[in-house]
Amino acid sequence: MKIILPVAGKGTRLRPHTHTRAKSLVQVAGKTVLEHIIHRLVDLRAEKVIFITDENGAQIEEFMKHRFPDMNCSYTTQKERLGPAHAVYMAASLIAPGDDLLVVFNDTIFVTDLSRIPDLCRDCDGLIYSKTVEDYQRFGVNVIADGFIVDMVEKPEQPISRLAQVGLYYLRDGVDFMNRIGEVIRDKETVKGEYFLPSVFMRMIRAGKKFRAPEIDAWLDCGKPDTLLETNRYLLRGHSHNEAEMIDSVVIEPVHIDKGTVLRNSIVGPNASVAPNCHIEGSIIRDTIINSGSHLKDVLLEQSLLGENVRLTGRHANLNVGDHSLIDIMM
């Protein structure tokens, strides 16, 4: 198996945090989004992991060499933003006959048992992992008949299906899949100038290929500040971790507080993630993600995201603060 991880993209919905880093390197529940995803892929023992990057590719490569040095990775840059299918197609030259593929987009952290792929795909050509949602109008959905996908509808107005595609795909025949993407690009089959995978899958279905749509257990969106905080709450549940130096302070679980952080006269939690080497004094912090090297004094902070090396002094707030900021909140 080879795994394709498209990690290009500006991450505009997570600015200012993505002004200075790749969106997959944003922190949640004590790890980067990318690290959460990779941990879910390690047991597959893939022959190669192919990253499709943008100008932040060096950050991704450095992170992988540091955190997963034994993983066989390659890196290809998508210089033109021509959509998800085009991003996947950048890996075409690395796919050989006999390769099966797992494609994993990085806006979401998935919870599912990937070891079941052989059983789930025993009588079909691929898997388009899905999740039942209430707000089906926001997603591309799969229409099912007799257990197989027969149609895909982008953001349907009527509830023709509530089974949303989650950005996780398995293909038994990687070369055929790449050839089909090539056909879509050759025929300029675009939506608003971009190439999308449903066009590719529908060509394959019309040619007789069969796809199932197994449901994942949880779909954790990391693409916006509010959903990133929601994901943080989910991942912390039952997994509290605290290595802080505690001075007249209280921690209310669940939390993730890394080594090197000092809490003085503060209350932290629930649902707070604090990266290494932070200093928090005279503060109450809950439902918040704080990145490394940040110093907070005399604040009541909730439902907030703070970047690296933030200096924050003041009063009650709801903030979304990027790296290296200095904020003094006056009454």
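Computed from the coordinates by the stated procedures, all read-outs in this text should not be read as laboratory data. In this text, all values refer to a predicted model and were calculated from it rather than measured experimentally. Cβ placement follows ideal geometry from the backbone for every residue including glycine, while neighbour counts extend to all protein chains displayed.
Between residue 43 and residue 153, the simple label model (points 7 Å from Cα in the Cβ direction) yields a spacing of 3.6 nm. When +1 charges are put on Lys and Arg Cβ atoms and -1 charges on Asp and Glu Cβ atoms, the dipole computed for the chain relative to its Cα centre reaches about 480 debye.
Count charges around residue 85 for me, please; just the other residues with Cβ under 14 Å from its Cβ, Lys/Arg as +1, Asp/Glu as -1.
0
Pairs with C-alpha atoms separated by more than 31 Å, drawn from the list 48/210; 48/155; 79/297; 259/297, are 48/155; 79/297. The fraction of Cα-Cα pairs per 10 angstrom bin, counted from 0 for segment 142-195, comes to 19, 39, 39, 4 percent, rounded to whole percents.
Across the options 178, 260, 159, the greatest Cα extent toward the positive end of the charge dipole of segment 129-268 (unit charges at beta carbon of Lys, Arg, Asp, Glu) belongs to 178. Expressed in units of 2.2 N^0.38 Å, where N is the residue count, the Cα radius of gyration of segment 169-235 is 1.49.
Remark: segment 233-247, residue by residue, has Karplus-estimated 3J(HN,Hα) of 4, 5, 6, 6, 4, x, 9, 5, 8, 9, 10, 6, 7, 9, 10 Hz, where x stands for each Gly or Pro and the curve is 6.51 cos²θ - 1.76 cosθ + 1.60 at θ = phi - 60°. Please report, in cubic angstrom per residue, the volume enclosed by the convex hull of the alpha-carbon atoms of segment 234-295. Cα convex hull per residue, to the nearest whole number: 60 Å³. For residue 68, no residue 5 or more places off, or on another chain, has a built amide H under 5 Å of its own.
Fewest neighbouring Cβ atoms within 10 Å first, the residues 285, 37 line up as 37, 285. To the nearest 10 degrees, how steeply does helix 57-67 sit against the main Cα axis of the chain, on a 0 to 90 scale? It works out to around 70 degrees.
Taking amide H as placed 1.01 Å from N in the peptide plane, residue 295 has its amide H under 5 Å from the amide H of 279, 310, 311, 312, each at least 5 places away in sequence or on another chain.
For the chain, the antiparallel share of DSSP beta bridges with both residues in that region comes to about 30%. With neighbour counts taken as other beta-carbon atoms within 10 Å, the residues 90, 246, 64 rank, fewest first, as 246, 64, 90.
If R0 is 22 Å, the Cβ-Cβ spacing of residue 94 and residue 62 corresponds to a FRET efficiency of close to 0.55.
Placing a label point 7 Å from the Cα of residue 207 along the Cα-to-Cβ direction, the residues of segment 126-140 whose backbone N falls under 18 Å from that point are 126-128. For the chain, report the translational diffusion coefficient in µm²/s to the nearest whole number, using Stokes-Einstein at 25 °C, 0.890 mPa s, and a Kirkwood Rh over Cα pairs. Translational diffusion coefficient: 116 µm²/s. Go ahead and estimate [θ] at 222 nm for the chain from helices alone: -39,500 (n - 2.57) per DSSP H run with n ≥ 4, summed, over the residue count, rounded to 500. That calculation yields -5500 deg cm²/dmol at 222 nm. Each other residue within a Cβ distance under 14 Å of residue 97 adds +1 if Lys or Arg and -1 if Asp or Glu, for a net charge of -3.
If one takes the longest principal axis of the Cα atoms in the chain, at what angle in degrees, from 0 to 90 and to the nearest 10, does the Cα axis of helix 174-186 lie? Around 90 degrees separate the two axes.
Separation of segment 198-275 and segment 77-125, taken as the distance between their Cα centroids, equals 23 angstrom. Subtracting the Cα-Cα distance of residue 162 and residue 240 from 0.36 nm times their residue separation leaves 24.7 nm of extension gain.
Once the Cβ-Cβ distance of residue 144 and residue 70 is raised to the sixth power relative to R0 = 35 Å, the FRET efficiency obtained is 0.35. One chain, two ends: residue 82 and residue 175. Fully extended at 0.36 nm per residue, the span grows by 31.4 nm beyond their Cα-Cα distance.
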